[in-house]
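Undergrad: The structure follows.
Read-outs: derived from the displayed coordinates by stated rules, not from any lab. Just so it is clear, the model here is predicted, and its values are computed rather than measured. Glycine also receives a Cβ, built like all others from the backbone with ideal geometry; neighbour counts cover every protein chain displayed.
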Amino acid sequence: MKGSDLIELADIGRAFGLLTRIPVPVDGDRAMARGARAVWAWPLVGLTLGLTAGLIGAAAHTIWASPLLAAAATMATLALLSGAMHEDGLADCADGFFGASDKTRRLEIMKDSRIGAFGVLALILTSLLRLAALALLFEAGNALTAITAAAILSRATMVPLMNGLPPARPNGLSSAVGRPPRETALTALGLATLTTLILTGLPALAALAIATLTALACAAIARSKIGGQTGDVLGATQQIVDLAVLLTLAAL
């Protein structure tokens, strides 16, 4: 890959257009032409969403002096800004992975817009854990940096999954976008590592380790269940890594 092809500043807008509901003008044809080479900017989406949600949570904490209300405000902000697309991916994966015994049926269930029992349970359990972790962080006074670090790392870890796992569907969106080159994945991971270190200092080492192990576990499960990755798998990975990082930083 030529150095001039590795990064385009317009990739930042493409990342926001794909991963959020924030209205950003995007050249659709150029975005498809760039494909997976644009995903290096995904950690920047996490940085923006994490800071925004963390600041709104901090404002709620100042007004009501309630860590639980602050945590709820943070979660609501993240869901609204992202369109809850990652939560949808988590629910679809839970239904598909654990609601069928073969790859074909699992992929059919994941494509179904309806939510099943496993999906409901996954959303309830992860939401309760996230609410508890955020409340602890607001009570400890380090919520803003933790929320931002988790948002950055969780979106960065989706990139190596795209690089390391083949698309599970030959005609899905993931297949159309393509697999990011190794240099793109390394750029995303390097950007996420640097910003996390700046934000959290030494606790970043634990957060990075947990994020890596959690993403590897998600990749192993996806490979075992459907032989690769889909957009739902990436969304589920974001949710699980985000939660794992928040729980880790809340424990430090």
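Undergrad: Once amide H atoms are built 1.01 Å from N in the peptide plane, which residues 5 or more positions from Q229, or in another chain, come under 5 Å H to H?
TA: Close amide H contacts, sequence-distant or interchain: A168.
Undergrad: What are the ³J(HN,Hα) values, in whole Hz, obtained from phi via the Karplus relation 6.51 cos²θ - 1.76 cosθ + 1.60 with θ = phi - 60°, for each residue of the stretch 161-167 in sequence order, with x given for Gly and Pro?
TA: With the stated coefficients, the stretch 161-167 comes to 5, 5, 6, x, 10, x, x Hz.
Undergrad: Among 124-134, 49-59, what's the highest-first ranking by average C-beta atoms within 10 angstrom per residue?
TA: Ranking, from highest mean packing down: 49-59, 124-134.
Undergrad: With +1 on the Cβ of every Lys and Arg and -1 on the Cβ of every Asp and Glu, and nothing else charged, how large is the dipole of the stretch 43-251 about its Cα centre, in debye rounded to the nearest 20?
TA: Here the size comes out at about 440 debye.
Undergrad: I've got another one for you. So what J values fall out for the stretch 105-115 if you push phi through Karplus, 6.51 cos²θ - 1.76 cosθ + 1.60 with θ = phi - 60°, rounded to Hz, Gly and Pro as x?
TA: Values per residue, Gly and Pro as x: 5, 4, 5, 5, 5, 5, 7, 5, 6, 6, 10 Hz.
Undergrad: Rank-order 199-207, 62-70, 142-150 by packing density, defined as the average count of other C-beta atoms within 10 Å over each peptide's residues, highest first.
TA: For the peptides 199-207, 62-70, 142-150, the packing ranking is 142-150, 199-207, 62-70.
Undergrad: Grab the alpha carbons of the stretch 123-178, take their convex hull, and tell me the volume per residue in Å³.
TA: 100 Å³
Undergrad: Moving to a separate point now. Which order, highest average first, do 161-169, 36-44 follow once you tally other Cβ atoms within 10 Å for each residue and take the mean per peptide?
TA: Descending packing order for the listed peptides: 36-44, 161-169.
Undergrad: Which value, in Å to one decimal place, does the Kirkwood hydrodynamic radius take for the chain when every pair of different Cα atoms is included?
TA: Hydrodynamic radius (Kirkwood, Cα pairs) of the chain is 18.2 Å.
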